[in-house]
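Participant: Below you'll find the structure I mean.
The values are calculated or read from the model by the stated rules, or taken from the named source; none is laboratory data. Predicted model only: the values in this text are computed from it and were never measured. Cβ sites come from the backbone with ideal geometry, for glycine too, and all protein chains shown count toward neighbours. These area figures cover heavy atoms from the full protein model, side chains too; ligands, DNA and RNA do not enter into them. Shrake-Rupley method; radii C 1.70, N 1.55, O 1.52, S 1.80 Å.
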Amino acid sequence: MKKPMIFSEFFRNNGVVMGSILFFLVAFWIIFLILLPQISMLDYSLHPNPINLDAGERADEYTLKNYKYLIFGPEGSSDAFNKVDLMVFVRTIIAAMAVTIMNLFLCYPLAYFLAQSKGGGFVRLLVILLIVPYWINEILRAFALRIIFAPSENGLINGIMMKMGLIDQAYDFINTDIALYAGLGYAYILLMLFPMYNVIESLDRNQIEAARDMGASWTRIHRRVVIPHAKPGIASGMTMVFMLSAGALAAPQVLGGTSSLWFTQLVYQWFNDTLNWQQGAAYAIVLLVASIAIVLTFMKIFKVNMGDIGK
Amino acid sequence: MSSGVDVNLENIWIKFGDFVAVREANVNINGGDFFSFLGPSGCGKTTILRAVSGFLDPSEGRVLIGGNDMAGLGPNKRPTALIFQNLALFPLMKVWENITFSMEVKGATAGERRKRADELLDMIALSGQGDKFPSELSGGQKQRVAIARALCAEPDVLLLDEPLSALDLKLRQHMRSELREIQKRVGITFIYITHDQGEALTMSDSVAVMRAGIIDQIGDGHAVYDQPATPFVASFVGENNVFRGKVTAVNGDEATIASNRSGELVSKITPAAVGKLNVGDDAMMFVRPEMLQMGEGDAKSTISAKVINEEFEGNTYSIYLEGEGGKQIKMAMPNLGNDPHKAKGDMMSFNYNANNAVVMPAGDLASE
């Protein structure tokens with residue numbers, strides 16, 4: 001990574017007026033769009049809910065009770081832990097990982113094909129076809145999938161399978177979570193595809209040919225040449241898909257079954273239904289910190305640098 | 001290490017759609033030879049190399065290596081190793097891993113590979129550099145690693161696709177002799193692709209000169225340089241003065257042409273054209289700049305022209321002359337310590353030995 005430009009040099013290169021505008025915009029972005037919302041969220045999570053104070057509690061005092069609630073549940077409950085919410089949390093993380101890995105296996109061959117085939121115009125058309133659906137709002141796309149997976153003869157897949165006589169009874173894609181996984185995978189697939197496409201495209205084709213010339217099988221070429229080269233892109237894609245899947249709300253709301261609660265839905269309920277923003281903030285912070293910790297751990301294991309991801 | 005294996009190209013045609021990249025190539029390369037394909041970019045020489053290495057199949061014809069038909073065998077199944085123009089070292093593998101990649105593919109243990117890598121590093125004078133990454137090496141060192149990596153596979157034939165083109169002049173000249181040295185030591189067949197006639201002439205046992213998919217001439221350096229088969233070869237390999245005209249007399253292997261602007265000129269008929277040149281044919285006569293000397297000679301091998309410019313190039317003086325009708329002629333004289341200086345605008349006479357000039361039927365010249 002390059003060293004950040006020293007301020008004086010920055011102003012000299014861009015002029016005082018343009019330099020000030022750029023500097024102000026960056027400062028605005030960092031302070032108002034990144035730092036303040038997170039700090040305010042953290043602050044909320046450390047206060048009790050003012051309309052629901054315990055005896056002797058003050059609304060402006062700091063407390064960890066919101067975090068305790070997530071772990072141990074309401075005071076006086078018969079269970080030692082808040083089993084229900086913790087289960088939802090763990091399930092969300094594992095499901096987000098599953099979605100990430102599923103997208104990885106879907107996207108790698110696709111990215112390789114797009115990047116290394118000599119198709120030219122044809123490949124560009126394919127890439128545009130991949131992008132076009134994303135001009136439509138995420139929630140609308142989730143509803144479209146809901147229609148495709150609907151568990152009755154009106155559903156696209158069920159309808160076709162029943163007409164063809166493959167099944168008598170409509171299959172419940174919703175409650176088996178198949179629709180949810182498909183929806184989550186679909187929602188963020190481009191964020192996996194494009195970073196991988198970019199790095200694989202930058203791979204010198206001669207390296208692949210050199211490996212082949214030396215007798216390497218396709219699996220070895222990918223293991224030793226393509227994947228090591230593509231690692232930053234793979235890491236970048238996996239990080240984004242994992243973070244966004246774990247924090248997704250639209251797909252779980254629209255496509256989730258009755259029994260499958262996503263952790264973000266709990267956060268949403270605290271904010272929206274219970275109006276307990278403090279508790280919701282604590283849940284959100286836990287999800288954020290846990291997700292970042294998981295990403296950092298995996299980056300450590302697979303020896304990926306933070307700088308590589310930002311490329 | 002396996003020694004020389006013959007490579008035969010039998011009537012190879014390579015077409016991409018309507019475009020014919022290689023036309024009727026018949027080449028027999030003797031085992032253990034250093035063989036070069038020389039030609040301008042886009043002449044199809046790399047395409048031929050890719051057909052030998054197995055990255056593409058010829059549309060027609062056969063590639064035989066050691067007498068075995070290579071049809072249907074991919075590059076990973078052929079006894080060839082290719083050195084790419086940009087070398088294509090693996091940037092994320094250490095030098096020793098790069099060199100022994102072909103052994104890794106065959107399942108050799110790390111210990112065996114390390115040992116072999118050290119041997120090869122000794123051979124290319126890079127001992128102790130095995131744990132570096134390619135990016136930490138200089139251009140010439142990378143070059144040698146690429147050669148070691150190709151030799152590690154113990155190929156019967158080594159294919160080199162302009163591997164020296166990225167190096168600077170001094171290093172390129174040094175690598176020429178080093179490559180030749182390595183080739184003699186390992187004794188395998190080298191097939192070398194280049195657009196640099198200097199490289200081709202200095203290193204090769206045999207050179208094939210290519211033009212737009214056609215092989216114009218195959219021969220050793222002397223034959224290609226002194227007895228070019230076509231006007232293209234004459235003008236592409238080295239520098240040449242061309243005189244166009246009609247044949248006025250043919251006498252055995254000698255012919256006289258009435259040149260358009262320089263009078264009657266006599267010269268040898270190039271061996272490939274003996275018997276094909278008749279009185280009245282359009283012909284081209286070539287005399288190399290270094291074959292010209294000052295002073296008058298035989299009437300039919302003396303030209304007079306005006307001095308336009310003189311350039312001092314260290315080992316030679318180049319004198320640029322303009323003959324009648326603006327005919328451009330170049331003459332090269334060795335620097336023998338006395339400046340042959342002629343004032344600009346002077347008329348001078350110079351001549352050549354008819355044995356050192358060649359005439360052949362007119363044809364396309366190499367475009368500069």
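Participant: Relative contact order (percent) for the stretch A:250-311, with alpha-carbon contacts under 8 angstrom and 6 or more residues of separation?
Facilitator: Values: 23 pairs, mean separation 11.7, N = 62.
After rounding, I find 19 percent.
Participant: From the phi of every residue in the stretch B:195-207, what ³J(HN,Hα) in whole Hz does the Karplus formula 6.51 cos²θ - 1.76 cosθ + 1.60 yield, where θ is phi - 60° and glycine or proline is x?
Facilitator: 9, 9, 5, x, 4, 4, 6, 6, 9, 8, 6, 9, 10
Participant: I would also like to ask the following. Tell me, what is the percent relative contact order of the stretch A:77-309, built from C-alpha pairs under 8 Å that lie six or more residues apart? Display every interim value, and only then the final one.
Facilitator: Numbers: 244 pairs, mean separation 60.6, N = 233.
Averaging sequence separation for qualifying contacts and normalising by length gives 26 percent for the stretch A:77-309.
Participant: Please state the shape class of the stretch B:230-281: rounded when a/c is under 1.5, otherwise prolate if a/b exceeds b/c and oblate if not, all from the C-alpha gyration tensor. Before the final figure, lay out the partial values.
Facilitator: On the way: a/c = 2.11, a/b = 1.21, b/c = 1.74.
Here the stretch B:230-281 falls in the oblate category.
Participant: Let me ask another. Report the FRET efficiency, 1/(1 + (r/R0)^6), for A:TYR134 and B:GLN293, where r is their Cβ-Cβ distance and R0 is 60 Å, rounded to 0.05. Numbers along the way, then the final one.
Facilitator: Numbers: r = 77 Å, r/R0 = 1.28.
According to the calculation, E is roughly 0.20.
Participant: Still on this model: Given Cβ point charges of +1 (Lys, Arg) and -1 (Asp, Glu) and nothing else, what value in debye, to the nearest 20, does the dipole of the stretch B:231-361 about its Cα centre take?
Facilitator: Details: 12 positive and 16 negative charges, 59 e Å.
It works out to roughly 280 debye.
Participant: Now for a separate question. Work out which helices of chain A, taken as complete DSSP H runs, extend at least 24 Å along their axis over the Cα atoms and score a mean Kyte-Doolittle of 0.0 or more, then list them. Numbers along the way, then the final one.
Facilitator: Numbers: long enough: A:83-116 (49 Å, 1.48); A:178-201 (32 Å, 1.42); A:227-246 (27 Å, 0.88); A:277-301 (36 Å, 1.63).
Qualifying helices: A:83-116, A:178-201, A:227-246, A:277-301.
Participant: Next question, about the same structure. 7 Å from Cα along Cα→Cβ at both A:ARG205 and A:PHE105: what's the point-to-point distance in nm?
Facilitator: With each label placed 7 Å out from Cα toward Cβ, I get 3.0 nm.
Participant: Between B:LYS170 and A:ASN305, what FRET efficiency comes out of the Förster formula 1/(1 + (r/R0)^6) with R0 = 56 Å and r the beta carbon distance, rounded to 0.05?
Facilitator: On the way: r = 38 Å, r/R0 = 0.68.
The computed FRET efficiency comes out at 0.90.
Participant: Still on this structure, please answer the following. Heavy-atom accessible surface, probe 1.4 Å, ligands and DNA/RNA ignored: which residues of the stretch B:43-83 lose at least 50 Å² versus the isolated chain?
Facilitator: B:PHE55, B:ASN76
Participant: Further question on the same structure: Reachable aspartates and glutamates from B:LYS170, Cα under 18 Å, same-chain residues fewer than 8 places away excluded?
Facilitator: Here the aspartates and glutamates satisfying the reach criterion relative to B:LYS170 are B:GLU162, B:GLU178, B:GLU181, B:ASP196, B:GLU199, B:GLU313.
Participant: Can I ask one more? Rounded, prolate or oblate for chain A? Axes are the square roots of the Cα gyration tensor eigenvalues, ordered a ≥ b ≥ c, and the cut-off for rounded is a/c under 1.5.
Facilitator: In terms of gyration-tensor shape, oblate.
Participant: Which of A:VAL254, A:VAL17, A:VAL289 ends up with the largest GNM mean-square fluctuation for chain A, with Cα atoms connected below 10 Å?
Facilitator: A:VAL17
Participant: Now for a different question. Going by a ≥ b ≥ c, the root eigenvalues of the Cα gyration tensor, does the protein assembly as shown fall in the rounded group (a/c under 1.5), the prolate group (a/b larger than b/c) or the oblate group? Intermediate results must be reported in sequence, preceding the final value.
Facilitator: Details: a/c = 2.89, a/b = 2.46, b/c = 1.18.
Prolate shape, in that a/c is at least 1.5 and a/b is the bigger ratio.
Participant: For chain B, give the magnitude of the charge dipole about the Cα centre (Cβ charges: +1 Lys/Arg, -1 Asp/Glu; no others), in debye to the nearest 20.
Facilitator: Working: 36 positive and 47 negative charges, 137 e Å.
Rounded to the nearest 20 debye, it is 660 debye.
Participant: Run the quick spin-label model on B:MET123 and B:ASN355: label points 7 Å from Cα toward the beta carbon, then report their separation in nm to one decimal.
Facilitator: 4.4
Participant: Find which of B:LEU365, B:ASN240, B:PHE55 sits farthest along the positive direction of the dipole of the protein assembly as shown, computed with +1 on the beta-carbon of Lys and Arg, -1 on that of Asp and Glu, about the Cα centre.
Facilitator: The residue sitting farthest along the positive end of the dipole is B:PHE55.
Participant: Which one, A:ASN276, A:ASN175, A:ASN154, has the greatest fluctuation when you compute a Gaussian network model over chain A with C-alpha springs under 10 angstrom?
Facilitator: Checking each option, the largest mean-square fluctuation is seen for A:ASN154.
Participant: Mind pulling the angle between the C-alpha long axis of helix B:169-186 and the longest principal axis of chain B? Nearest 10 degrees, somewhere in 0 to 90.
Facilitator: 60
Participant: When DSSP assigns beta bridges and you keep just the ones with both residues in the protein assembly as shown, what percent turn out antiparallel, to the nearest 5? Walk me through the numbers before you get to the answer.
Facilitator: Working: 63 of 83 bridges.
Approximately 75 percent, going by the DSSP bridge assignments.
Participant: Work out from phi, with θ = phi - 60° and the Karplus expression 6.51 cos²θ - 1.76 cosθ + 1.60, the ³J(HN,Hα) of each residue of the stretch B:276-288, listed in order in whole Hz, and give x for Gly and Pro.
Facilitator: Whole-Hz 3J(HN,Hα) from phi for the stretch B:276-288: 9, 9, 10, 4, x, 5, 6, 9, 10, 10, 10, 10, 6.
Participant: Please compare each pair in A:LYS231/B:LYS94; B:LYS276/B:LYS330; B:LYS115/B:LYS142 to a cut-off of 25 Å on the Cα-Cα distance and tell me which ones are over it.
Facilitator: Details: A:LYS231/B:LYS94 17 Å; B:LYS276/B:LYS330 28 Å; B:LYS115/B:LYS142 20 Å.
With Cα atoms farther than 25 Å apart: B:LYS276/B:LYS330.
Participant: Next question, about the same structure. Hey, got the dipole for the protein assembly as shown? About the Cα centre, +1 on K and R Cβ, -1 on D and E Cβ, debye to the nearest 20? Could the numbers behind the result be given before it?
Facilitator: Numbers: 58 positive and 67 negative charges, 205 e Å.
Roughly 980 debye, rounded to the nearest 20.
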